[in-house]
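Engineer: One structure coming up, written as structure tokens, with questions to follow.
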């Protein structure tokens, strides 16, 4: 297990693909607190890897759904291009070597939406079907 975690760390750092290729439309939308500007996939990967902690001087506060959640798995595959298990392994190693903590977990999509709307610098992901008018879309896939 430990070896796999180190391999995953290297793969994410190098932009490797562990979760297989993402399809063109996974139906995942990254939303952000009003005022955050749009992101590209590389910036999003750096944010969720803990390598990008601010944008335009604003501290970033990424959130995620619990491990094993079907939308979290789709997000990991479509946006991070890795499996949820590899994402967990990456953060296990990173936390162990003192390089931060993974994005905060929230229990539901409703909690993600509420947190993103009320917390400056917050961003999270939802299913495209849950997108409502007025939500700040940072990236869509």
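Engineer: Hey, can you tell me all the residues within region 74-111 that are closer than 27 Å to residue 34 by Cβ, out of contact with any helix residue (DSSP H, G or I) (no Cβ under 7 Å at 6 or more places or on another chain), without any contact (Cβ under 8 Å) to a residue 60 or more places away in the chain and not in a strand (DSSP E or B)?
Structural biologist: 74, 75, 107, 108, 110, 111
Engineer: In the set 133, 66, which member is within 13 Å of the chain's Cα centre (by Cα), loosely packed, with under 14 Cβ neighbours inside 10 Å, outside any helix (DSSP H, G or I) and without any contact (Cβ under 8 Å) to a residue 60 or more places away in the chain?
Structural biologist: 66
Engineer: Next question, about the same structure. Assuming residue 34 fulfils every condition listed in (1) touching a helix residue (DSSP H, G or I) at 6+ places or on another chain (Cβ under 7 Å); (2) surrounded by fewer than 21 Cβ atoms within 10 Å (Cβ to Cβ) apart from one, which condition is it?
Structural biologist: Of everything listed in (1) touching a helix residue (DSSP H, G or I) at 6+ places or on another chain (Cβ under 7 Å); (2) surrounded by fewer than 21 Cβ atoms within 10 Å (Cβ to Cβ), residue 34 misses just condition (1).
Engineer: Let me ask something else about it. So is residue 36 modelled with pLDDT of 50 or more and assigned to a loop (DSSP other than H, G, I, E, B) or not?
Structural biologist: Yes: the conditions hold for residue 36.
The values are calculated or read from the model by the stated rules, or taken from the named source; none is laboratory data. Keep in mind the model is a prediction, meaning the values are calculated, not measured. Positions of Cβ are generated from backbone atoms using ideal geometry, with glycine treated the same way; all protein chains shown enter the neighbour counts.
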